[in-house]
Amino acid sequence: MNGSTGTDTGANRIHIFDTTLRDGEQSPGISLNTAEKVEIAQQLARLGVDVIEAGFPITSPGDFEAVQKIAREVHGPIICGLARAQKGDIDAAWNAISDSERPRIHTFISTSDIHIEHQMRNTREDVKSGTRAAVAHAKSFCEDVEFSPMDATRADVEFTAEVCTIAVEEGATVVNIPDTVGYTTPEEYSKFFACLFEFAPSLGDVELSVHCHDDLGLAVANSYAGVLAGARQVECAINGIGERAGNCSLEEIAMLIRTREDAHGLSTGINTREIARTSRLVSRLTGYVIQPNKAIVGRNAFAHESGIHQDGVLKERSTFEIMDATEVGLDSNQIVLGKHSGRHALKDALEQLGFVIDGNALNQAFKRFKAIADKKKQVTALDLEAIVSDEMRERVESHDLAWFEVEAGSKVEPKARVAVNMPSGQEQVGESGGDGPVDAIFSAIQSATGTDAELREYHVAAVTGGDDALGEVTVVLREPADDGRHRTASGQGVATDILEASARAYIRALSNLLDGAAISEAGSATADVASNLTGP
Ligand code: KIV
Ligand code: ZN
């Protein structure tokens, strides 16, 4: 495999192509704004991914803006923009990524008859000519061009090979073989690669890639089979998020490659110590909670419940553990600061966690730290991470929580009064009853701000264990937009008191909605584009 992607091309090196911000962002209910996407992209760069698929720029001005900002501000990985095999899409993708030090255009068209006949309503000949025109057009802008025959695993392999050959002739540097609907099995996928190499020998000159969906729970197994069959790029997403059942999970494939190097001799460039933190960030910003038994990053992934296992691990870790929690950064919950720690200690601890903050931001973080340290016995790295990302968001928001009071209990009607600092600098107070204290707080905020957005989602999670744990709340709000669609925005809040965290999260989501940081309903713009897949 040579592949001219500019990434490490050692024969055993697997390139990690992260699509959290593109395929992952197409998950139902996810609404990341530009600032959040940039924050995730910066963390993906720290994690050491080779490629960041930052978005699908033609789908909306918001998506375009986010991809462009990532292309300008995130250094290290290749920054990739997705485009159908159509001139307008490719132009938009190029305009969005052209400022990156390492741009890539990823263009796709389906090769399965099901898609050709029923979705695109054209012919195999159209697909061939469309591929030729699209790759040539992308190549006129950008040296690095990836081509995907969508729904390849349900397509005729000979025809797919013919289309891939055209893409290579026009200069594609990477050819990705998507299992778009999560239908294939490891054996079939492996055979598909073998047949492709046979029918399209020029594929030996470019990098092959896998892109597997998890509809049958096989995304990681299929990706691994593809790698063993010769692919050297894996497309995956943090926490496995993505369309429907999601994509191959980045943390699982990365740890599979690392842990079983003895079996295959392959490696990635992932800094595995950043895995847990990246997973938490994505979970926090998307509101997608990680199931406790999720491999690698679940709360229980390294926990031992049975006495026999605990006893074994105490005697010798390898009796029941194949990986060490420290390898994936899950050990960051050691106590780092106490009640009496000063500003310097906080700054040092934050630097150890990878946050470099100074001046006013440090003062604000210190104020929050002190308030929390007064209530909690010990402040851990996880608490600091939550406080700092909370503070960072607060600084850019137009509205914030001044104070609140709640009356609640099993014998009283819940009632809340909430004061919101408005963009004018004025403090506005609202008062309301509700079904419960959280509902009363949200209604009081609506009354203070004169808004009536619909509450779409509400999640509460504990940042750490223990009865004094910080509570982290995610709120997703939605309101009708002028174009007949809906706009959604999310906000997070962290506090020792979940009522306060709820108020903060709601006001943040509202700020995002009112400040234009909301996005058109997740997936709808992409669906509009996808329903019009007519080829170039
Ligand atoms: O699943 C899929 O086929 C895709 C393509 C755009 C690569 O996401
Ligand atoms: Zn996909």
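Residue-level check: of (1) touching an Asp or Glu at 6+ places or on another chain (Cβ under 9 Å); (2) farther than 28 Å from Ile296 by Cβ; (3) within 14 Å of ligand 1 (Cβ to nearest atom), His213 misses just (2). When we screen Ala303, Ala263 for residues that are more than 16 Å from ligand 1 (Cβ to nearest atom), without any contact (Cβ under 8 Å) to a residue 24 or more places away in the chain and part of a helix (DSSP H, G or I), the only hit is Ala263.
Does Tyr224 satisfy the criteria of being within 15 Å of ligand 2 (Cβ to nearest atom) and either open to solvent by 20 Å² or more (accessible area, probe 1.4 Å) or part of a helix (DSSP H, G or I) (or both)?
Details: within 15 Å of ligand 2 (Cβ to nearest atom): no; either open to solvent by 20 Å² or more (accessible area, probe 1.4 Å) or part of a helix (DSSP H, G or I) (or both): yes.
Taking the combined requirement at face value, the residue does not satisfy it.
One residue stands out in segment 37-69 among those that are more than 22 Å from Glu252 (Cα to Cα) and outside any helix (DSSP H, G or I): the one that is most open to solvent (accessible area, probe 1.4 Å), namely Ser60. Could you grab me the full set of residues in segment 282-312 that are more than 20 Å from the chain's Cα centre (by Cα) and open to solvent by less than 30 Å² (accessible area, probe 1.4 Å)? Listed by number, the list holds a single entry, Gly312.
Any residue at all in segment 402-419 that is under 21 Å from Ile40 (Cβ atoms), in contact with a helix residue (DSSP H, G or I) (Cβ under 6 Å, 6 or more places away or on another chain) and not assigned by TED's automatic domain parsing to the domain that holds Arg46? No, the conditions are met nowhere in segment 402-419.
If you go through segment 179-220 and keep only what is within 16 Å of ligand 2 (Cβ to nearest atom), of a type in the set (Phe, Trp, Tyr) and assigned to a helix (DSSP H, G or I), you end up with just Tyr189. Among the residues making up segment 266-281, those that are of a type in the set (Lys, Arg) and either open to solvent by 40 Å² or more (accessible area, probe 1.4 Å) or not in a helix (DSSP H, G or I) (or both) are Arg273, Arg280. Scan segment 391-405 for residues that are out of contact with any Ser or Thr (no Cβ under 9 Å at 6 or more places or on another chain), open to solvent by 50 Å² or more (accessible area, probe 1.4 Å) and either of a type in the set (Val, Ile, Thr) or closer than 30 Å to Asp358 by Cβ (or both) and jot them down. Within segment 391-405, Met392, Arg395, Trp403 qualify. Please determine whether any residue of segment 378-390 is open to solvent by less than 50 Å² (accessible area, probe 1.4 Å), in contact with a Gly (Cβ under 6 Å, 6 or more places away or on another chain) and either within 30 Å of Glu274 (Cβ to Cβ) or in a strand (DSSP E or B) (or both). Looking through segment 378-390, none of the residues is open to solvent by less than 50 Å² (accessible area, probe 1.4 Å), in contact with a Gly (Cβ under 6 Å, 6 or more places away or on another chain) and either within 30 Å of Glu274 (Cβ to Cβ) or in a strand (DSSP E or B) (or both).
Every condition in (1) more than 14 Å from ligand 1 (Cβ to nearest atom); (2) in contact with a Ser or Thr (Cβ under 8 Å, 6 or more places away or on another chain); (3) of a type in the set (S, T, N, Q) holds for Ser190 except the one numbered (2).
Checking the conditions here, which among Ala349, Ala371, Ala408 is over 17 Å from Ala509 (Cβ atoms) and out of contact with any Ser or Thr (no Cβ under 9 Å at 6 or more places or on another chain)?
Values: Ala349 fails: out of contact with any Ser or Thr (no Cβ under 9 Å at 6 or more places or on another chain); Ala371 fails: out of contact with any Ser or Thr (no Cβ under 9 Å at 6 or more places or on another chain).
Going through Ala349, Ala371, Ala408 in turn, just one is over 17 Å from Ala509 (Cβ atoms) and out of contact with any Ser or Thr (no Cβ under 9 Å at 6 or more places or on another chain): Ala408.
Each residue in segment 1-32 was checked for being surrounded by fewer than 20 Cβ atoms within 10 Å (Cβ to Cβ), at pLDDT below 90 and among the polar types (S, T, N, Q), and 3 pass. When Phe17 is tested against (1) within 16 Å of ligand 2 (Cβ to nearest atom); (2) assigned to a strand (DSSP E or B); (3) in contact with a helix residue (DSSP H, G or I) (Cβ under 9 Å, 6 or more places away or on another chain), exactly one condition is not met: (3).
Counting only strands (runs of 3 or more DSSP E) wholly contained in segment 421-513, the ones carrying 3 or more residues that are touching a Leu at 6+ places or on another chain (Cβ under 7 Å) and buried (at least 18 other Cβ atoms within 10 Å of the Cβ) occupy 486-495.
The values are calculated or read from the model by the stated rules, or taken from the named source; none is laboratory data. Just so it is clear, the model here is predicted, and its values are computed rather than measured. Don't worry about glycine lacking a Cβ; one is built from the backbone with ideal geometry, like all the others, and counts go over all protein chains shown. Side chains included, ligands, DNA and RNA excluded: accessible areas come from the protein's heavy atoms. Shrake-Rupley method; radii C 1.70, N 1.55, O 1.52, S 1.80 Å.
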